[in-house]
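**Q** Would you mind keeping the following structure in view while I ask a few things?
The values are calculated or read from the model by the stated rules, or taken from the named source; none is laboratory data. All of these numbers come straight from a predicted model, not from anything done at the bench. Cβ placement follows ideal geometry from the backbone for every residue including glycine, while neighbour counts extend to all protein chains displayed. All accessible areas refer to the heavy atoms of the entire protein, side chains included, with ligands and DNA or RNA removed. Shrake-Rupley method; radii C 1.70, N 1.55, O 1.52, S 1.80 Å.
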Amino acid sequence: MIKFDFSTIPIPLSGKIVEYICPKCKVEFEAPIEMVEEFEQEDMLNDLPISTPPYIICPKCKHSKCVPLDYKSKRGYHHKYIK
């Protein structure tokens with residue numbers, strides 16, 4: 001699992017993380033909850049369906065649609081990746 005370097009983000013972070021997986025290269029990595037919530041907010045503003053997970057770019061292969069392994073969104077949807 002790739003650990004997130006929290007010092008690279010210029011805003012205060014809580015240290016809480018969401019684990020992600022890249023469906024392309026299968027690498028697992030962490031993302032700060034604040035980033036995940038920000039992407040989720042953008043999805044809501046863009047009228048994406050509630051079932052759309054907050055995507056993050058893979059730090060290894062740069063695939064643009066990595067998904068959370070297990071995350072309950074603020075909108076109430078439970079995103080769960082089945083391996």
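**Q** Would you pull out the residues with amide H under 5 Å of TYR77's amide H, same chain only if 5 or more places away, H placed 1.01 Å from N?
**A** Those lying under 5 Å, H to H, from TYR77: there are none.
**Q** In addition: Just add up the charged neighbours of CYS22: K/R +1, D/E -1, any other residue whose Cβ is under 13 Å from the Cβ of CYS22.
**A** +3
**Q** Peptides 18-28, 68-78: what's the order by average Cβ count within 10 Å, highest mean first?
**A** In descending order of packing, they fall as 18-28, 68-78.
**Q** Pull out the extension gain between LYS74 and ASP47, defined as 0.36 nm times the separation in residues minus the alpha carbon to alpha carbon distance; nm, one decimal.
**A** That works out to 8.2 nm of additional length.
**Q** Percent relative contact order of the chain, based on C-alpha pairs within less than 8 angstrom and at least six residues apart?
**A** In percent, rounded to a whole number, it is 26.
**Q** Applying the Karplus parametrisation 6.51 cos²θ - 1.76 cosθ + 1.60 with θ = phi - 60° to the phi angles of region 53-66, what ³J(HN,Hα) value in whole Hz is obtained for each residue in order, glycine and proline being reported as x?
**A** Calculated HN-Hα couplings, in order: x, x, 6, 9, 6, 5, x, 9, 9, 6, 4, 8, 10, 6 Hz.
**Q** Note down the net charge around ILE2, summing +1 for each Lys or Arg and -1 for each Asp or Glu among other residues with Cβ under 14 Å from its Cβ.
**A** Charge balance in the 14 Å sphere: 0.
**Q** What does the charge count near PRO54 come to, summing +1 for each Lys or Arg and -1 for each Asp or Glu among other residues with Cβ under 11 Å from its Cβ?
**A** -2
**Q** Rounded, prolate or oblate: pick one for region 18-57, where a ≥ b ≥ c are the square roots of the eigenvalues of its C-alpha gyration tensor, a/c under 1.5 means rounded, and failing that, prolate if a/b is larger than b/c, else oblate.
**A** Oblate is the answer for region 18-57, as a/c is 1.5 or above yet b/c matches or exceeds a/b.
**Q** Scan (1) -0.38, -1.01, -1.26; (2) -0.61, -0.88, -0.99; (3) -0.72, -1.05, -1.13 for the value of log10 I(q)/I(0) by the Debye sum over Cα atoms at q = 0.13, 0.21, 0.24 Å⁻¹ calculated from this model and give just the label.
**A** Here log10 I(q)/I(0) by the Debye sum over Cα atoms at q = 0.13, 0.21, 0.24 Å⁻¹ agrees with entry (1).
**Q** Same structure, new question: Please list SER7, SER64 in order of solvent-accessible area, largest first, computed with a 1.4 Å probe with all protein chains present.
**A** SER7, SER64
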